[in-house]
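Asks: Got a structure here, written out as structure tokens. Questions coming.
A short reminder: the numbers here are calculations on the coordinates, not readings from a lab. A quick note: this is a predicted structure, and the numbers were derived from the prediction, not measured. Here the Cβ is made from the backbone with ideal geometry for all residues, glycine too, and neighbour counts use every protein chain on show.
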Amino acid sequence: MTAPETLYGKTPEELDALCRDAGMPRFAARQIARWLYVRHVEDPLRMTDIAAAHRQRLAERFAPALRAPEHASVSADGTKKYLFRTLQGNFIESAYIPDGERATLCVSSQAGCRMGCRFCATGRQGLQQSLSAAEILNQIVSLPERDRLTNLVFMGMGEPLDNTDNVLRALEIITSEWGFGWSPTRITLSTAGVVPQLRRFLDSSKVHLAVSLHNPFPDERAEIMPVEKAWPIARVVDILREYDFTHQRRVSFEYIVMSGLNDSPRHIRELSRLLNGIKCRINLIRFHRIPGSPYFSPDDDAMIRFRDALTARGIQTTIRASRGEDIQAACGLLSTRMKNEPA
Ligand code: SF4
């Protein structure tokens, strides 16, 4: 199924061209952008400062993009996992994670993923579709807790840099003053390291970067992340060395700790060598078993020992608190279930 064209998700330049082609005054583009991204009204018939005839034509031409989540699971710790249906009919997940004053939304960029990471339920689905900018933005705009959000992380389903055009378009709308007006310092994009798109992303956006590392040895990393064969982590790190992460923008490395697989002293030594000279942080994430996985979770002591050993080598290292375990908050589990048992 191909997605219908939507007004939501268009940039001011595209709205400008649209207005010109439709014989509308140029200032109408700004008016439409304001309705869409400041007031979150996408129905052209409700855009009362646009001429009635133009409103009607826009309503006939464009399909609505904003739709409420179809399912929500609430964890005992307050984390909520929402399931949205895309315009093409696939399921995607978004996790809302409240934490004191902070409330983070974990956003998906694709339905499924073709990167095939062995520890990831989404990877097992394969790629069903890359999300349009409207489908990415809908996860934010149609979230019941929209007005409480303080942070966004592009760490949900999919590899954002395998959908760079639409992710950059969504980021432009989120961070522009004519759009949602968010500071890029409240947004983090996570990538497995899509080398051909990395510079483009770093040059055209100011949001923080998180790189999925998970093992510093190429052969071992390739075992769990096939992406290593095409785009080695060493090349990713070389590119990162060209950029400044000492001021507004931060880079971090995500490291899922799998017991006995990537948590030995030699891994610590190699991590320290690989990341030498880059101002960064490592976020340790305890592996949570997914059905059929051969990997195991480390206990609390092992996590702390690993963190302390990295910190002793001068790498700022934190252990990320697990959230929403009771509602299958790990990316891809819920949508896999819904895919197999449609609601
Ligand atoms: S971990 Fe991320 S990049 Fe890897 S398969 Fe899962 S969604 Fe894709």
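Asks: Given the options L275, Y96, M258, identify the residue whose Cα lies farthest towards the positive end of the charge dipole of the chain (+1 on Cβ of Lys, Arg; -1 on Cβ of Asp, Glu).
Replies: Looking along the dipole axis, the top candidate is L275.
Asks: Next up: I need the calculated FRET efficiency for the pair A53 and R148, taking r as the beta carbon distance and R₀ as 41 Å, to the nearest 0.05. If you can, show how the numbers build up before the last one.
Replies: Values: r = 39 Å, r/R0 = 0.95.
With a Förster radius of 41 Å, E is 0.55.
Asks: Further question: Mind checking the full-extension length gain between K206 and A234? Use 0.36 nm per residue of separation minus the Cα-Cα distance, one decimal, nm. Please list the in-between numbers first.
Replies: Working: separation 28, 0.36 × 28 = 10.08 nm, distance 2.26 nm.
So the extension gain works out to 7.8 nm.
Asks: Next question, about the same structure. Which far-off residues, 5 or more places away or on another chain, put their amide H under 5 Å from the one on Q129, with H placed in the peptide plane?
Replies: Residues meeting the amide H criterion: A111.
Asks: What ranking of E270, E242, E93 emerges when the number of other C-beta atoms within 10 Å of each C-beta is taken as an exposure proxy, fewest first? Each step should come with its number before you reach the end.
Replies: On the way: E270 15, E242 8, E93 30.
Listing E270, E242, E93 from fewest to most nearby Cβ atoms yields E242, E270, E93.
Asks: Only four residue types carry charge here, +1 at the Cβ of Lys and Arg and -1 at the Cβ of Asp and Glu. Report the dipole size of the chain about the Cα centre in Debye, rounded to the nearest 20. Let's see the in-between values first.
Replies: Numbers: 45 positive and 40 negative charges, 66 e Å.
Using only the charged Cβ atoms, the result is roughly 320 debye.
Asks: Could you please report the charge total around T175, scoring K, R as +1 and D, E as -1 over all other residues with beta-carbon less than 12 angstrom from its beta-carbon? Display every interim value, and only then the final one.
Replies: Working: positive: R169, R186, K206; negative: E172, E177.
Once positives and negatives cancel, what remains is +1.
Asks: Let me ask you something else. Between R250 and R305, what is 0.36 nm times their sequence separation minus the Cα-Cα distance? Round to one decimal in nm. Walk me through the numbers on the way to the answer.
Replies: Working: separation 55, 0.36 × 55 = 19.80 nm, distance 2.50 nm.
Between R250 and R305, full extension yields an extra 17.3 nm.
Asks: May I ask you to derive the FRET efficiency for E14 and E242 from their Cβ-Cβ distance with R0 = 30 Å, giving the value to the nearest 0.05? It would help to have the intermediate numbers written out before the result.
Replies: Numbers: r = 31 Å, r/R0 = 1.03.
With a Förster radius of 30 Å, E is 0.45.
Asks: Need the C-alpha centroid separation for region 113-135 versus region 217-264, integer Å.
Replies: Between the Cα centre of region 113-135 and that of region 217-264, the gap is 19 Å.
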